[in-house]
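Structure, as structure tokens:
Just so it is clear, none of the values below were taken in a lab; they were calculated from the coordinates. These figures come from a predicted structure and were not determined experimentally. FYI the Cβ positions are ideal-geometry reconstructions off the backbone, even for glycines, and counts take in every protein chain you see.
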Amino acid sequence: MLKKSVEDLLNRQIEREGYSSILYLSMASWAETRGYAGVAEWLYAQAEEEKMHMLKIIRYINKKSGKAIIPSFDRPPAEFEGLKIMFDQVLEHEQYITGSINEIVAETEKEKDYSTNNWLQWFVSEQVEEESSVQAIIDKLDLVGDHNLYMFDRDIMSMRTEKGGE
Ligand code: OFO
């Protein structure tokens, strides 16, 4: 049985993971219409992962005899100023998600809910992975500058594979 405060924070996280998914979908769509096929592919895959994160939380709450609430989502931005700025936004968003996961972890400690705490460790590791893979993309973008975006776009999916991505 989940403590109410933990259940509420997990429900809040459903909304945040779902918003991550549609934010990345919007970014993917933007990139696709700008001809960045590789970047779009990366973001579509990322959007799918975020949907899985959302689903994971929904199912966990229900499994623990709580009630997962399916929220509505804010409309994500449809326009982005460029690849570099967009990936800076992705990193910033992931840092926000990491903070949000950490708040749930802290609550499980306060409530001595060690099974949810243990279950959340997957998300803790996932955030380390995600932040570092986005940081690697930003580093690469800094390196190539504005001139080699074609090559960057061609190579981005292989960076995902190298980083494991999942
Ligand atoms: Fe990218 O974050 Fe989910 O957890």
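Go through the range 124-133 and give me each residue that's more than 15 Å from Gly99 (Cβ to Cβ) and out of contact with any Gly (no Cβ under 9 Å at 6 or more places or on another chain).
Pass one, the range 124-133, residues more than 15 Å from Gly99 (Cβ to Cβ): 125, 129, 132-133.
Ser125, Ser132, listed by residue number.
In the range 38-85, what residues are among the β-branched types (Val, Ile, Thr) and touching a residue at least 40 places away in the same chain (Cβ under 8 Å)? I'd like the intermediate steps shown before the answer.
Going residue by residue through the range 38-85, those that are among the β-branched types (Val, Ile, Thr) are 39, 57-58, 61, 69-70, 85.
Scanning the range 38-85 gives Val39, Ile57, Ile58, Ile61, Ile69, Ile70.
Starting from the range 120-131, keep only residues that are under 16 Å from Leu55 (Cα atoms), then list their pairs with residues that are part of a helix (DSSP H, G or I) and within 9 Å of the ligand (Cβ to nearest atom) whose Cβ atoms are within a distance under 7 Å, requiring at least 6 positions of separation or different chains.
Leu120/Ile101; Phe123/Ile101
Quick check on the range 66-81. Is at least one of its residues under 27 Å from Val39 (Cα atoms) and part of a helix (DSSP H, G or I)?
Scanning the range 66-81 turns up no residue that is under 27 Å from Val39 (Cα atoms) and part of a helix (DSSP H, G or I).
Against the definition (over 21 Å from Ser26 (Cβ atoms), loosely packed, with under 15 Cβ neighbours inside 10 Å, within 16 Å of the ligand (Cβ to nearest atom) and of a type in the set (S, T, N, Q)), how does Ser132 come out, yes or no?
Values: over 21 Å from Ser26 (Cβ atoms): yes; loosely packed, with under 15 Cβ neighbours inside 10 Å: yes; within 16 Å of the ligand (Cβ to nearest atom): yes; of a type in the set (S, T, N, Q): yes.
Yes: the conditions hold for Ser132.
Which of the residues that make up the range 89-120 are assigned to a helix (DSSP H, G or I), more than 15 Å from the ligand (Cβ to nearest atom) and not β-branched (Val, Ile, Thr)?
Residues satisfying the conditions are Ala106, Glu107, Glu109, Lys110, Tyr114, Ser115, Asn117, Asn118.
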